[in-house]
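Following: one structure in structure tokens, then a few remarks.
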Amino acid sequence: MADTNKVQPSQTFETIIKDYLHQGKEKLEKDLAGTREAIKLIARDKTRNFMRTMDMGLNEEERECLHSLIVTSMYQSFCYGYGIGKIEGETKQKVCL
């Protein structure tokens, strides 16, 4: 990593968070198969709840699109949570985005 004395604090944070986001993604893809499956099941439930709440049906393509959107959002949230948790653990300070 770059010498932190010569880099702006925001650049240092961005570099570190990108590294941890990548680590979180790798961990989710390789080590946490159960978590991935749970996310997919939750996304299916959320899709059904959306259809019930909105009182409208969605065709197969629309359901898959909504499901994919929810899964992607949850994966991204996991990665950000992982990265922020790592930073907070190292710095012993709360991170606010």
Among CYS79, CYS65, CYS96, which comes first, then next, by fewest other beta-carbon atoms within 10 Å?
-> CYS96, CYS65, CYS79
Once both axes come from the Cα atoms, what is the angle between helix 60-91 and the longest principal axis of the chain, in degrees from 0 to 90, rounded to 10?
-> 20 degrees
Picking from PHE78, LEU32, CYS96, whose Cα lies most toward the positive end of the charge dipole for the chain (charges on Cβ: Lys, Arg +1; Asp, Glu -1)?
-> CYS96
Cα axis of helix 9-30 to longest principal axis of the chain: angle in degrees, 0 to 90, nearest 10?
-> 50 degrees
Give me the angle, in degrees from 0 to 90, between the Cα long axis of helix 33-54 and the longest principal axis of the Cα atoms of the chain, rounded to the nearest 10.
-> 50 degrees
Straight-line reach from LYS94: which lysines have a Cα under 27 Å away, not including same-chain ones fewer than 8 places off?
-> LYS6, LYS18, LYS25, LYS27, LYS86
Ascending count of other beta-carbon atoms within 10 Å, so fewest first, for THR12, THR72 | THR72, THR12
Check: the stretch 32-97 dipole with +1 on Lys, Arg Cβ and -1 on Asp, Glu Cβ, in debye | 300 debye
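Per DSSP H run of n ≥ 4, the term is -39500 (n - 2.57); total these for the chain, divide by its residue number, and report the mean residue ellipticity at 222 nm rounded to 500 deg cm²/dmol.
Value at 222 nm, helices only: -28000 deg cm²/dmol.
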Counted neighbours (other Cβ, 10 Å), sorted fewest up, put VAL95, VAL71 in the order VAL95, VAL71
Around THR35, with a cut-off of 14 angstrom between Cβ atoms, what is the net charge of the other residues, counting Lys and Arg +1 and Asp and Glu -1?
-> +1
Binning every alpha carbon pair distance of the chain at 5 Å from zero, what are the percents per bin?
-> 2, 12, 17, 17, 14, 12, 10, 8, 5, 2, 1, 0
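Read-outs: derived from the displayed coordinates by stated rules, not from any lab. Every value quoted in this text rests on a predicted model; they were computed, and no experiment measured them. Please note: Cβ atoms are built from the backbone with ideal geometry, for glycine as well, and neighbour counts cover all protein chains shown.
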